[in-house]
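Every number in this text was worked out from the coordinates using simple rules, so none of it is lab data. Quick caveat, the model's predicted, so the values are computed rather than measured. Here the Cβ positions follow ideal geometry from the backbone for every residue, glycine too, while neighbour counts run over all protein chains shown.
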Amino acid sequence: MTNKILWGVTFGAHDAAIAVFVNNELVFATDAERFSRKKNDSVIPSSLIEYVENKYGMPDKVYYYENPILKSLRRTWAGQRPRIVIPKFKHKLTYSNHHESHAAYGYYTSPFDECTVLVIDAIGEWDTLTTWKAKNGKLKRKGLHWRYPKSLGLFYSAATQAAGWKPNEEEYIMMGASAIGEITHKGYGRLSKLWKSNFNFHRGVKLDGMDPLEIAACAQALYESLFHNIITHIHGNLVFVGGCALNVKANAQLYHCDVHIPPNPGDGGSAIGCVLSRIKQKVSPSPYLGYKIHGEYPVDEIVKKLRKKKIIGVAKGKAEFGPRALGNRSLLGDPSVKNIKDRMNKIKGREKFRPFAVMILKEDVQKYFSGSVNSPYMNVAYKTQPITEKNYPGIVHTDGTTRLQIVDDSDSHRKLLEAWKKKTGCPMILNTSLNIKGEPIVNDEYDIKKFELNTGVEVL
């Protein structure tokens, strides 16, 4: 029997990615940047295409995550690009819909049979916010609907650029910086006026007289207020996808719902979603779908190194699909070490204000953190309890929050946390991405050697 091979691809703007299905089973997915080593790469490199072809075979069909004809028409209407641009690829493409690809990725990887799906991003073809009703394996658009130029995602990206960071890439830096900036009445009012004007944020905005931290604080505060107004009437099971689902601070407001935010909710995840929108079936939500480094997960050795107050890298198993390191391509540290944050930032070459994340067993969360939104993929910031601020100050951000990877299964990460807790009494491990600033997360054996050479940090 011949295998049926389907690919899903995203490329052309940012966050290029590829996903592979064999007989409707999801077997592989990776962001292009892991292979090209270009941060936020918009192109799928030939090396990745060749890798997938050699490993899984030639595709029977290749789905593209959006409709480029409709997108080009919108750009023409907006005065951006007066012609239709058809994406070039080695294989023939079958077009999908941008927001439907987002919605399908979220719903078909969720634990819910029935739910509301909320998609918020910068822009698809025309849509910037859509809501969907999902039931019995079917998705139907219904409810709140925004179209270009009204866009919460474009607003946040424009503010990111005005503050001096890269739009569509460094919004997460602005989000972290918002905690140390001042929310001023004048600044907040200025951004509110821009939002109400229905401005074409593709053109960028000028916020002269406002420093970057003020812009960050005011933009985040306005974003959270607008987001609250959107979600306040949603109850029950909720799937949240799109680039805006990466705003971990705002996501804490979703406590009134049972929430699923997939590990790669931005455009990269739509490489999976554009296929699922066609085959319409559930798949495993596991984020571990990328390049595999063979070998047993070194639980005992990690614990041994961490007890010596060392910072240690680990690269074992399949790479995570998405922007978060979730244990298989991670830089780990003991959160009880007083200067752990400064040491981590020095290794990674990051700004001092950047927050960190921890992996923690589900049963230990409430003792050390306050929050109720499920966060297995570091997509939600939790408030810290007094005991955490006292014993583990290095993981507490300026605003009193920490981003969590809540571990609730029997894999190697649970075994690691259980072994660590047994030896030290500490229920968590500081977990950040195995990379340095400006570079993609480590992918393969060659990347490991390069990281070790550049940082002096051992990778197990």
Loop sites in the range 248-342: GluC sites (Glu not before Pro), DSSP, at most 14 other Cβ within 10 Å: E296
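Take every DSSP beta bridge with both residues inside the chain and express the antiparallel ones as a percent of the total, to the nearest 5. Kindly include the intermediate steps, with their values, before the conclusion.
Values: 44 of 65 bridges.
Of the beta bridges lying entirely in the chain, close to 70 percent run antiparallel.
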Could you derive backbone 3J(HN,Hα) for the range 287-303 from the dihedral phi with the Karplus parameters 6.51, -1.76 and 1.60 (θ = phi - 60°), listing whole Hz in sequence and x where the residue is Gly or Pro? x, 8, 10, x, 4, 9, 9, 6, x, 6, 5, x, 4, 4, 5, 4, 4
Please list, by residue number, every one of the trypsin sites (Lys or Arg not before Pro) in the range 184-247 that is coil in DSSP and has at most 13 other beta-carbon atoms within 10 Å. K206
When the Cα centres of the range 305-369 and the range 246-302 are compared, how far apart do they sit, in Å? 19 Å
Can you give the Rg and Dmax of the range 78-195 based on its C-alpha atoms, in angstrom? 17.7, 53
For a 27 Å ceiling on Cα separation, which of these pairs sit above it: K90/K150; K423/K450; K341/K449; K71/K166; K39/K88? K90/K150; K423/K450
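Restricting to bridges with both residues inside the range 288-455, how much of the DSSP beta-bridge set is antiparallel, in percent to the nearest 5? Kindly include the intermediate steps, with their values, before the conclusion.
On the way: 19 of 24 bridges.
Around 80 percent of the beta bridges assigned by DSSP in the range 288-455 are antiparallel ones.
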Which value does Rg/Rh take for the range 368-416 over its C-alpha atoms, Rh per Kirkwood? 1.00
Go through the range 396-407 residue by residue and turn each phi into a ³J(HN,Hα) via Karplus (6.51, -1.76, 1.60, θ = phi - 60°); whole Hz please, and just put x for glycine and proline. 9, 6, 3, 8, x, 10, 9, 7, 10, 10, 7, 9
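Would you mind checking K249/K348; K61/K280; K309/K383 for any pair whose Cα atoms are more than 18 angstrom apart? Each step should come with its number before you reach the end.
On the way: K249/K348 23 Å; K61/K280 16 Å; K309/K383 26 Å.
Correct reply: K249/K348; K309/K383.
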Extension reserve of the I69-D408 stretch, reckoned as 0.36 nm per residue once the Cα distance is removed: 117.7 nm
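For a quick check: sort C426, C218 by the number of other beta carbons within 10 angstrom, fewest at the front.
Values: C426 18, C218 27.
Fewest-to-most ranking of C426, C218: C426, C218.
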Tell me, how many Å apart are the Cα centres for the range 99-142 and for the range 150-173? 23 Å
Any residue on another chain or 5+ positions along whose placed amide H is under 5 Å from the amide H of R37 is listed here as none
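DSSP loop (so not H, G, I, E, B), at most 13 other Cβ within 10 Å: list which GluC sites (Glu not before Pro) in the range 67-159 pass both filters.
On the way: sites: E100, E114, E125; in loops: E114, E125.
Sites meeting the loop and neighbour criteria: E114.
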How large is log10 I(q)/I(0) at q = 0.17, 0.18, 0.24 Å⁻¹ when the Debye formula is applied to the Cα atoms of the range 212-279, each weighted equally and without solvent? -0.71, -0.77, -1.08
Please arrange I44, I183, I123, I311 by how many other C-beta atoms lie within 10 Å of their C-beta, fewest to most. I183, I311, I44, I123
In debye to the nearest 20, the charge dipole size for the chain, taken about the Cα centre with +1 at each Lys and Arg Cβ and -1 at each Asp and Glu Cβ, equals 360 debye
Once the Cα gyration tensor of the range 151-197 is diagonalised, what are the square roots of 5 times its eigenvalues, in whole Å and ordered largest first, as equivalent ellipsoid semi-axes? 17, 15, 7
By DSSP, what percent of the beta bridges with both residues in the range 111-261 are antiparallel, rounded to the nearest 5? 60 percent
Straight-line reach from K282: which aspartates and glutamates have a Cα under 20 Å away, not including same-chain ones fewer than 8 places off? E25, E100, D113, E114, D258, D267, E320, D409
List the relative contact order of the range 288-455 as a percent without decimals, with contacts defined as Cα pairs under 8 Å and 6+ residues apart. 28 percent
Over the chain, equivalent-ellipsoid semi-axes from the Cα gyration tensor in Å: 32, 28, 21
Considering Cα pairs under 8 angstrom that are at least six residues apart, work out the relative contact order of the chain and quote it in whole percent. 16 percent
Given Cβ point charges of +1 (Lys, Arg) and -1 (Asp, Glu) and nothing else, what value in debye, to the nearest 20, does the dipole of the range 111-261 about its Cα centre take? 660 debye
Kindly provide the helix-only [θ] at 222 nm of the chain, computed as the sum of -39,500 (n - 2.57) over DSSP H runs of four or more divided by all residues, to the nearest 500 deg cm²/dmol? -9500 deg cm²/dmol
Fully extended, how many nm does the chain gain between K415 and K196 (0.36 nm per residue separation, minus their Cα-Cα distance)? 73.8 nm
Could you list log10 I(q)/I(0) for the range 111-261 at q = 0.14, 0.18 Å⁻¹, which the Debye formula gives when each Cα is one point scatterer? -0.66, -1.04
For a quick check: sort S110, S336, S47 by the number of other beta carbons within 10 angstrom, fewest at the front. S47, S336, S110
Modelled label-to-label distance, I180 and T2, 7 Å Cα→beta-carbon offset: nm? 5.9 nm
Over all Cα pairs of the range 288-455, how is the pair count split among 10 Å bins, expressed in % and running from 0 up to the last occupied bin? 10, 42, 38, 9, 0
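Treat the range 306-403 as a sphere of radius equal to its Kirkwood radius over Cα pairs and apply Stokes-Einstein at 20 °C in a medium of 1.002 mPa s; give the translational diffusion coefficient in µm²/s, rounded to a whole number.
On the way: Rh = 14.2 Å.
Using the Kirkwood radius from Cα pairs, D works out to 150 µm²/s.
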Tell me whether the range 39-129 comes out rounded, prolate or oblate; compute the Cα gyration tensor, take square roots of the eigenvalues as a ≥ b ≥ c, and use a/c under 1.5 as the rounded threshold. oblate
Could you point to the residue in H294, S225, Y255 farthest towards the positive end of the range 192-343's charge dipole, with +1 and -1 charges on the Cβ of Lys/Arg and Asp/Glu respectively? H294
Using Cα pairs under 8 angstrom and six or more residues apart, how large is the relative contact order of the range 111-261, in percent? 27 percent
